[in-house]
């Protein structure tokens, strides 16, 4: 592995590349393992992830101030989603982030949701987004089910 | 006393300490000599009887007769003459005084004319002034100061009105003295705060010193420190390790910097008005502009904001740390604000990838056009989080923002290689090849473009690049082969290509094809200034004035800021014999800028010279020489030669001499110019100077005079 970024740190990084490679491999394994696990730590205190109640989510998304991301599959998204949300299934996260690159240059809160209370996908995506540099990430725990049941705006 | 060896050493020490601040320093050199009354039979004006300074030196005696004009000096007429010469330089060319002194001290017995020529001082003017009443007055005024102070010994040091008992024995002793007297700036670093001996607080000289070497200290040294607080948030690694603060301690020693936590009451109170959003913040609790290095400190701190380096020449080895911070001014306070991109770089370097990614992203929210942040964030996502698509898209974004940014291109190449996308690999290699051409890394460029030259989609661009490299390496035939192959691919290339091909033909001596292709280059939809300039140059060298007039007129009307094109037009008009029109064009150009005035005055002088119109030719020659006199070093060897020849032909030997003297500044060993200058001096009745020029011509390899 070699990283190519500014020359100022290039030499240093080459020196550290072996260490990084080790970390990278371990991190990769952990990621895969956790993805297969049925549950992960979903406590509200998890570093960098804040959970929103239905009311808080509604407020956050009112007026289009926050960006809403739907983590469910494309077909589920097609059957109905929170108004204004964009689709970003976990398996397509990389491709979708590449499509929505401007997310990285906007200082906008991001609200992530999935099916409902029992769904951990949104928390998982939130953690990946934080790893990618996003720092205003909120998980809407009640998800699609909670939103729809409350009669809040949906598409289509 | 220029020829006193003790005085010479002292002057050398002082000049070395002054460095480049000579002109702006408060140091002044004075001369010691006897001034005789108008009649040689009368005694010289005697110096008042005072105790002169001690130590080694040359003591002025009282000769009965003047040895140069109405002056005399301890080391004879050559010393008196040199003293007067230096005083003349001081008064007539003040900005060249210190350089002249340095040149003199390098080789006191050397030829003053060579020295003067090297510094752009007119020999004839200097020689004239030395023998004038003006220089007598200047020298007499200068001597008065030494006389009033009763100084008879060289060297003697007078600081702020106090004559020191003896001149410091070494440069090491001299430095603190000049620093403490406030006459030096640049060489005082470290002295101000290092001299702590009690005697430093006594005014005058000769105090007993408990320790150290400060027997010449003149003023209190120790001033109160200015307190400064570096306010840092607890969780900000960069702020805690902020290296600029450490650098400041070593440099602006009057700053007493302490770190305090952002959450303390004190910090909150201090930041109540400024409310900065980034940290660390450096709050300076006092006025620092009147401290030694204070103004410089403020200036340097501001430099960081501008992306400049910090403390490059002082105690700061790792100047790149400077980019960790920039400074904003707020209510008289200096606020050091962290830069998220460099913070990200720092965190990236120490392996804190998540925090680094956040910093890069902050950098992007502040400036979405920051291609470095896009690239580095991309590298992080690509390598650490396996977000290949996202990373690749970021490399692409960085590349689009700056197509010459090599790290992004290298990452794109890696991205394409990982995907085994051969088309993309070739495209990136082609682009990398062109970046290498821009950086003049010919071999790398040749390798990269050579690899893609057989890819049909990229062949045209790659071969064009290979042709550029061949031209740069002096292989125009190879360049032509590459370009001919390009023409087989695309018979109607763009203006840039046509310009390149024309240049290759020109290098091969085929001016017909060159002219045709330059013609093509300027007839495309958006022709470049370069293509126009090249065509004009070729037409001028071919003497095709009518065509040149048309092309240059069109080019100059398209790019009026490019005065070269205007000169081509004027040249065409003159070539066609339309002197009045040429004159009008040149007059216009003369008023556009100093650079244009330089060339216009030259062209006008030559233009009128060709028409044998003496008065305007001489007028513009003078204008030209005035501009040249302001250039240091002069950039006029050929032009000065031509103006000199013109002036000589028109009978203006004075201007001719000046022009040739300037030509010698550009090349002092030019035999032909020395000979021409000899003719000028002869015409001016300066046979001695004339002979010297012939001797110099002989010394530089010319035939025997």
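Bear in mind that the values in this text are calculations on the coordinates, not laboratory data. Since the structure is predicted, the reported quantities are computational estimates derived from the model, not experimental observations. Cβ: placed from backbone, ideal geometry, glycine included. Neighbour counts: every protein chain shown.
Ordered by packing density, taken as the mean number of other Cβ atoms within 10 Å over each peptide's residues, highest first, how do A:88-95, A:77-84 rank? Intermediate results must be reported in sequence, preceding the final value.
On the way: A:88-95: 18.2, A:77-84: 15.6.
Packing order, densest peptide first, comes out as A:88-95, A:77-84.
Could you give the semi-axes, largest first, of the ellipsoid that matches segment A:40-156, computed as the square roots of 5 times the alpha carbon gyration tensor eigenvalues and rounded to whole Å?
After diagonalising the Cα gyration tensor, the semi-axes are 19, 16, 15 Å.
So how long is each side of segment B:614-662 along the principal axes, counting just the alpha-carbon atoms, biggest first, in Å?
Largest first, segment B:614-662 extends 28, 15, 15 Å along its Cα principal axes.
In terms of the Cα gyration tensor, with a ≥ b ≥ c the square roots of its eigenvalues, is segment B:470-554 rounded because a/c is under 1.5, prolate because a/b exceeds b/c, or oblate?
Here segment B:470-554 falls in the oblate category.
What distance in nm separates the simple spin-label points at residue B:654 and residue B:554, each placed 7 Å from Cα in the Cβ direction?
Roughly 4.9 nm, to one decimal.
First check a/c for segment B:89-160, with a ≥ b ≥ c the square roots of the eigenvalues of its C-alpha gyration tensor; if it is under 1.5, answer rounded, and if not, answer prolate when a/b is larger than b/c or oblate otherwise.
Oblate, since a/c reaches 1.5 and b/c is not below a/b.
List the relative contact order of segment A:100-146 as a percent without decimals, with contacts defined as Cα pairs under 8 Å and 6+ residues apart.
After rounding, I find 48 percent.
For residue B:401 paired with residue B:610, estimate the spin-label separation in nm (one decimal), with each label point 7 Å from Cα along the Cα-to-Cβ line.
About 5.4 nm, to one decimal.
Relative contact order of segment B:588-681: what whole-number percent is it, with Cα pairs under 8 angstrom and at least 6 residues apart?
22 percent
Would segment B:395-461 count as rounded, prolate or oblate if I go by the C-alpha gyration tensor, calling it rounded below 1.5 in a/c and otherwise prolate when a/b exceeds b/c, oblate otherwise?
oblate
When only C-alpha pairs under 8 Å and at least 6 residues apart count, what is the relative contact order of segment B:451-515, in percent?
26 percent
Which order do A:111, B:504, A:74, B:226 fall in if you start with the one that has the fewest other Cβ atoms within 10 Å?
A:74, B:226, A:111, B:504
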